[in-house]
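**Q** My structure is below; once you've seen it, I'll send some questions.
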Amino acid sequence: MLSILAARLAQLPEAYWAGITTLVITQSSLGAALPISFDRFMGTALGCLFASLVANYFGPNVVVYGVSVFLLVGLLIAV
């Protein structure tokens, strides 16, 4: 409830995702959820950074999008 309320207060367009994300994260015990949450957060942050760089330099292009996703997933698997 708090995550959905926070998403609505922030006027996010699809606030229901906050509740779904909260459920997924809190299904594990706190000890197991913290390292996984950190990994997910870092993956999201790197994905946003990478996507903003690619979009800034190449613009909207399906081929560039596919290659970018492939490269980012390969990078994250290697790390």
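**Q** Which fully enclosed helices (runs of 4 or more DSSP H) of the chain have 3 or more residues being small (G, A, S) and under 16 Å from the mean Cα position of the chain (by Cα)? Write out each step before concluding.
**A** On the way: elements: 2-9, 16-26, 30-58, 62-78.
Correct list: 30-58.
**Q** Another one. Tell me which of these F58 doesn't satisfy, since it passes every other one: (1) at pLDDT 85 or above; (2) surrounded by 12 or more Cβ atoms within 10 Å (Cβ to Cβ); (3) closer than 24 Å to V79 by Cα.
**A** The number of the failed condition is (3).
**Q** With the checklist (1) surrounded by 13 or more Cβ atoms within 10 Å (Cβ to Cβ); (2) modelled with pLDDT of 85 or more in hand, flag the one item R8 doesn't pass.
**A** (1)
The values are calculated or read from the model by the stated rules, or taken from the named source; none is laboratory data. The model shown is predicted, which means the values in this text are computed figures rather than measured ones. Reconstructed Cβ throughout: ideal geometry from the backbone, glycine too, with neighbour counts over all protein chains shown.
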